[in-house]
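Participant: Here it is: the structure, laid out below.
The values are calculated or read from the model by the stated rules, or taken from the named source; none is laboratory data. Treat the numbers as computed from the prediction; the structure is a model and nothing was measured. So basically every Cβ, Gly included, is an ideal-geometry build from the backbone, and we count neighbours across all protein chains shown. Ligands, DNA and RNA are stripped out before the accessible areas are found, and what is left, the full protein with its side chains, is counted by its heavy atoms. Shrake-Rupley method; radii C 1.70, N 1.55, O 1.52, S 1.80 Å.
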Amino acid sequence: SISTKRMREKYPEKYSARMEALKAIRKGTLVKKPCEVCGEIKVEGHHEDYNKPLDVMWLCKKHHVAREKLISK
């Protein structure tokens with residue numbers, strides 16, 4: 001796993017989007033929902049566009065990994 005500092009330096013837009021989303025979750029303005037594919041409750045936020053940090057797709061680990069693989073092709 002890339003350290004937070006290294007990630008922030010290497011992927012500043014990704015880091016910024018994550019931090020904005022986390023702040024919104026803490027404030028209650030962004031609410032986690034079940035996985036959009038299977039309904040699993042334990043989810044991760046996925047950003048299609050890092051310039052839209054509050055536009056999050058909620059996916060379980062399995063479907064998040066699958067989505068990343070699909071996008072990276």
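Participant: Return the aspartates and glutamates within reach of Lys52: Cα separation strictly under 19 angstrom, same-chain partners fewer than 8 residues apart disregarded; answer none if there are no such residues.
Facilitator: List returned: Glu13, Glu20, Glu36, Glu44, Glu68.
Participant: Can you tell me the dipole magnitude for the chain around its Cα centre, using point charges on the Cβ only (Lys, Arg +1; Asp, Glu -1), in Debye to the nearest 20?
Facilitator: Dipole about the Cα centre, nearest 20: 320 debye.
Participant: Per-residue ellipticity at 222 nm for the chain, helices alone: DSSP H runs ≥ 4 residues times -39500 (n - 2.57), over residue total, nearest 500 deg cm²/dmol?
Facilitator: -14000 deg cm²/dmol
Participant: Cα gyration tensor of region 32-73, axes a ≥ b ≥ c as square roots of the eigenvalues: rounded (a/c below 1.5), prolate (a/b > b/c) or oblate?
Facilitator: The shape class here is oblate.
Participant: Might you tell me the accessible area per residue for region 23-73, computed with a 1.4 Å probe and given in Å²?
Facilitator: With the other protein chains kept in place, region 23-73 gives 78 Å² per residue.
Participant: Let me ask something else about it. In percent, what relative contact order does the chain have, based on Cα pairs under 8 Å that are 6 or more apart in sequence?
Facilitator: Relative contact order of the chain: 26 percent.
Participant: Another question, if that's okay. Roughly to the nearest percent, how much of the accessible area of the chain is carbon and sulfur, given a 1.4 Å probe?
Facilitator: 53
Participant: Computed from these coordinates, which is Rg/Rh (Cα atoms, Kirkwood Rh): (i) 1.13; (ii) 0.97; (iii) 0.94?
Facilitator: (ii)
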